[in-house]
1. For ALA265, all conditions in the list (1) touching a residue at least 60 places away in the same chain (Cβ under 8 Å); (2) aliphatic (A, V, I, L, M); (3) outside any loop (DSSP other than H, G, I, E, B) hold save one; what is the number of the exception?
2. So, VAL299, is that one within 20 Å of ASP518 (Cβ to Cβ), within 13 Å of the chain's Cα centre (by Cα) and within 10 Å of the ligand (Cβ to nearest atom) or not?
3. Can you list residue pairs whose Cβ atoms sit under 9 Å apart, with the first residue in region 329-345 being modelled with pLDDT of 95 or more and near the ligand (Cβ under 7 Å from one of its atoms) and the second being of a type in the set (Asp, Glu) and not in a strand (DSSP E or B)? Count only pairs 6 or more apart in sequence or on different chains.
4. Filter region 14-35 down to the residues that are farther than 24 Å from HIS113 by Cβ and surrounded by 15 or more Cβ atoms within 10 Å (Cβ to Cβ) and list them by number.
5. Given the conditions (1) crowded, with 18+ Cβ neighbours inside 10 Å; (2) assigned to a loop (DSSP other than H, G, I, E, B); (3) out of contact with any strand residue (DSSP E or B) (no Cβ under 6 Å at 6 or more places or on another chain), and given that GLN284 satisfies all but one, which numbered condition is not satisfied?
6. Which condition breaks for THR189 when tested against (1) free of Cβ contacts under 8 Å to residues at least 40 places away in the same chain; (2) under 26 Å from GLY351 (Cβ atoms); (3) of a type outside the set (Gly, Ala, Ser)?
7. Taking ALA175, is it more than 30 Å from SER453 (Cβ to Cβ) and either among the hydrophobic types (A, V, I, L, M, F, W, C) or crowded, with 21+ Cβ neighbours inside 10 Å (or both)?
8. Which of (1) modelled with pLDDT of 90 or more; (2) closer than 26 Å to VAL66 by Cβ is the odd one out, the single condition SER144 does not satisfy?
Amino acid sequence: MPTEEEIAFPSLSDSDLAIFRRRGHPRTVRAGDILFTAGDRNFCFYIVVEGAVAIVEHSSGEERLVRMHGPRDFTGDVDMLSGRRALITARVDQDGSLLELSTDELRSTIDEHPELTEKVVKAFLMRRTLLLSRGFEGAKIIGSRFSPDAHRLRDFATRNAIPFRFIDLDSDEHADAILKQLGVGPSQTPIVIGRNGEWRTNPSIAQFAECAGLTYSLDAEHVYDLVVVGAGPAGLAASVYGASEGLDVLTLEALAAGGQAGTSARIDNYLGFPTGISGKDLTQKALIQAQRFGARVTVPCEVKSLGIDGGERIVTLMDGTRIRTRCVLVASGVEYRGLDVPRYSEFENAGIYYAATEMEARLCKGEEVVVVGGGNSAGQAIVHLARQARHVHVLVRDSDLGAKMSRYLVDQVMGLENVTVSCGAVVTKLGGDTHLEAVHHSKDGEEKQINTSSLFVFIGAKANSTWLRGCVDLDSKGFVLTGMMLPPQTSAAERWRSAGRYPYLLETSLPGVFAAGDVRSGSVKRVASAVGEGSMSVSFVHAYIAKPA
Ligand SMILES: Cc1cc2nc3c(=O)[nH]c(=O)nc-3n(C[C@H](O)[C@H](O)[C@H](O)COP(=O)(O)OP(=O)(O)OC[C@H]3O[C@@H](n4cnc5c(N)ncnc54)[C@H](O)[C@@H]3O)c2cc1C
């Protein structure tokens, strides 16, 4: 088994070098030359032929050597594929010569040579893991764990793999000193301090994303083959298949690639992973895969509406940017429902959570927590939280935990000593001052109170389809109708008659606009089916582009 170090820093063989030489440009360099600097975007890939290149980082304020690359070594990490800003600087340490390839040249080379994809992409992924585990300090977020704004920023950073450190106002001894140094009071938190020491009080997600190097500028004149709205499993699958089959794909994501699946602590029923896989791992890899094939995935980028202009579909973003495309895939999934109890919105993100990722689990280490819901998402959350929390109280409205939860999860939950399940229980009231402190519920006519600062709610979801209203046909619950599910009068309408065909299986009432995954009416709400539909939609996109309606 190769070590982590060997995976991260492999040496290229003679035959690897010969392949890279076909597209690479020789470059003579002198000690001190800078190849790229932290903060740069679209930097090149370099192979050292002679001499040495130092990779350094300055996140703690001091320079730290990450790696000295010698002959046959190559530079780069995942940011080469994602298009995000570099976290590190590459400086020539000894005079010599290099081979230089642009990102597109690198993509074409590794696409043609799968053995190089394995070497290069694995190295990029492992380099990022090692960088983070060896003291790279990203942004600092200072705030209270009970502040909804601090939670919003932490959640965004965690789900988008932005390196950061959370400094809790209530428990971290450094918090006070940092606030004094900046000359601000606790009421002005959360504060984000960027890598270069620049800071902002309570930034919006867009400002935070900009400072973390996530945002791209989009060309309003460009016409894409396919715009995918939503980067959950359905959208990511379409991005991978579309880009790998030569389509010009842009994927727009409001919050974080991965969607609901990205918040799942463990997915046990996805084909090919006999021991399960964390939703974050699965979807982060899918994201890299889509980017490796050349799909552009932009975050945060919320779509406001959809329209038509002649033969083109127009996707309008919240900031007013209009994007032109031949086809659209609606993969905007669903969002979680909340409880209908007084003061609920006061505690959203101030003690109420809709996901139980590592971040939330760590926050309630050693504490009592409440989980509401009896489906599979609740089951996974219970198992995950029970590892960190002192006790997990589960409140289920049905009279039996097995009514909606898969048997394997019921068995796991029932086997946990620090979990109590109350069936037939309904939340009636929430208590607390600035953050959640108590959950009241009734069971068999008796009122009970659980003192807790963490309530996890998993009670189903509603379709993210408001941006489509008036544009494509929806069912009575707001899910998108496609193919055979469209009403006969829609499929018989003039636009279809003149196209000489009926809507394709995943096509909406608007030709060239497809829907896949949880947002689609009648879909099976599973990762595998979302992935299947997302990939299948690409064949309809090809058919539509070959013969537009
Ligand atoms: C906690 C949890 C655990 C789960 N565990 C499992 C499991 O073990 N096995 C299983 O098979 N399934 C599981 N599921 C269900 C599974 O995750 C979903 O079926 C799957 O994620 C659906 O994928 P999707 O791409 O259709 O939608 P989503 O995953 O909902 O993704 C939709 C994406 O679209 C984005 N979006 C929404 N509106 C807009 C807009 N206007 N503009 C731009 N972007 C937008 C959202 O931010 C989101 O990222 C779980 C779900 C949850 C919540």
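1. (3)
2. In short, yes.
3. Qualifying pairs under 9 Å: ALA331/ASP518; ALA331/GLU533; SER332/ASP518; GLY333/ASP518; VAL334/ASP518.
4. Answer for region 14-35, where residues must be farther than 24 Å from HIS113 by Cβ and surrounded by 15 or more Cβ atoms within 10 Å (Cβ to Cβ): VAL29, ASP33.
5. Failing condition for GLN284: (2).
6. For THR189, the failing item is (1).
7. No.
8. For SER144, the failing item is (2).
The values are calculated or read from the model by the stated rules, or taken from the named source; none is laboratory data. These numbers were taken from a predicted model, which means no experiment stands behind them. Cβ: placed from backbone, ideal geometry, glycine included. Neighbour counts: every protein chain shown.
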